[in-house]
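The values are calculated or read from the model by the stated rules, or taken from the named source; none is laboratory data. If you're wondering where the values come from, they're calculated on a predicted model, not measured in any experiment. Every residue, glycine among them, receives a Cβ derived from its backbone with ideal geometry; neighbour counts consider all protein chains shown. For the accessible areas, the whole protein counts, side chains as well, though only heavy atoms, and no ligand, DNA or RNA atoms are used. Shrake-Rupley method; radii C 1.70, N 1.55, O 1.52, S 1.80 Å.
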Amino acid sequence: MPPTWTSKSLLFGAALLATLMPGNPAAAEPITLKFSHFLGPKSFFQEDVVEPWAKELETKTNGQVKVEIHDGTSPLGKVTEQAANVKDGKVDVALGLRGAEGDRFPGSSLIELPFVVPGASQGSQALWSLYQDGTLADEYADYKVLALFVHNPGLIHTRDRRVLNIADLRGLRLRSPNKTVAAALDHAGAIPVVLQVNDVMPAVKENKIDGIVTNWGNPLQGFNDYMKFHADTQFYTSAFFIVMNRARYDSLPADVRTAVDALSGDAWVAKFGPLWDKWDKPVRDGANAPGHEVIVPDAATMQQWRDGLKPVTDRYIADLVAGGFPNARAAYDKLTATLRR
């Protein structure tokens, strides 16, 4: 006698068949994306940028995508190798610092020139717009770009010497975050020392530098213990990138690509202004303590700074043109026009 199929058996069989059908989310293969950055496991990049994005992506994909985070203490966390690691497929996504990447992304360095950016929110939007309109397309051709952003304007922090006028920089050994800032410091008569984030405080403690050019929202332990004068000249900013391996992105299922896109681009870029304001606050508040002075030059003094460093900007743009970025002047003019609005 043939077996009798009860209604429960039929329902179970149908459900089992459905889970095995192609395209069913329950049958989808799990996906792990490696995401690296160059700061520590308790840093603001980890806790306020990478971890929230990872959780949102997991939620949007109903758990299909897991994000494996590699912070700056891991072999994949070197600040000088974030973009290279993505391009080489060692990680799928990375948050990196443009100025640590040598000559990579030269067009993006324009936003780091003196006195361009008034704030992180406006600067991040302006840099992102320059990518969106195709101006920076060539330098990011190997990547799926998820976000570009900058920090609030950086200051000149010194241990012993008060800086008000541009002439006060002469002879000071100052940490520079990148070659763009180093060119300005050199022109002003300072001695720039390009140091990446993990090398800065050891150089301070060993008396190898007299000050640090950086923003308030920095991860430098003991910063306010050593830096006592803070010249708020809105001297520069640094550009950051979050990029994904292009082939890896293209290989993802369509619904996962849609989720990645929804959490990236305009939506992600817009978060960085408020985040930098939050990250700035503890260090800025620390500079209100006795023994500190925040120096804010008046309008006439700031005009002297701008006039004094204009040749640096002109020369830097000419060097970019000679180096293979022919639209450097137009890109710079577009940036500054956008940020004056």
* To do: Report, by residue number, each residue of the stretch 165-182 that is open to solvent by 30 Å² or more (accessible area, probe 1.4 Å) and out of contact with any Gly (no Cβ under 8 Å at 6 or more places or on another chain).
  => ASN165, ASP168
* Looking only at the stretch 115-155, and only at residues there that are in contact (Cβ under 8 Å) with a residue 40 or more places away in the chain, open to solvent by 10 Å² or more (accessible area, probe 1.4 Å) and among the aromatic types (Phe, Trp, Tyr), the one that is farthest from ARG284 (Cα to Cα) -> TRP128
* Asked: When the stretch 31-51 is examined, which residues are found to be touching a helix residue (DSSP H, G or I) at 6+ places or on another chain (Cβ under 7 Å) and in a strand (DSSP E or B)?
  -> ILE31, PHE35, SER36
* To do: Could you tell me whether the stretch 99-118 includes any residue that is touching a helix residue (DSSP H, G or I) at 6+ places or on another chain (Cβ under 8 Å) and in a strand (DSSP E or B)?
  => no
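Table: residues versus (1) in contact with a helix residue (DSSP H, G or I) (Cβ under 6 Å, 6 or more places away or on another chain); (2) within 23 Å of SER43 (Cα to Cα); (3) buried (at least 20 other Cβ atoms within 10 Å of the Cβ).
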site	(1), (2), (3)
GLN64	no, no, no
GLY72	no, yes, yes
ALA84	no, yes, no
ASP88	no, no, no
* Structure fact -> Picked from the stretch 206-215 (must be hydrophobic (A, V, I, L, M, F, W, C) and out of contact with any Leu (no Cβ under 6 Å at 6 or more places or on another chain)), the residue surrounded by the most Cβ atoms within 10 Å (Cβ to Cβ) is ILE212
* What number of residues in the stretch 298-321 are surrounded by fewer than 17 Cβ atoms within 10 Å (Cβ to Cβ) and among the β-branched types (Val, Ile, Thr)? -> 2
* Output yes when any residue across the stretch 289-310 is assigned to a helix (DSSP H, G or I), over 24 Å from ARG162 (Cβ atoms) and under 24 Å from the mean Cα position of the chain (by Cα), and no when none is. => no
* **Selection from the stretch 216-245 of residues that are open to solvent by less than 10 Å² (accessible area, probe 1.4 Å) and under 16 Å from HIS292 (Cα atoms)** => PHE223, MET227, HIS230, ALA231
* Subset of the stretch 266-293 [over 19 Å from PRO118 (Cβ atoms) and surrounded by 17 or more Cβ atoms within 10 Å (Cβ to Cβ)] -> TRP268, VAL283, ALA287
* Out of all the residues in the stretch 52-96, which are β-branched (Val, Ile, Thr), in a loop (DSSP other than H, G, I, E, B) and more than 13 Å from LYS34 (Cα to Cα)? -> THR61, THR73, VAL79, THR80
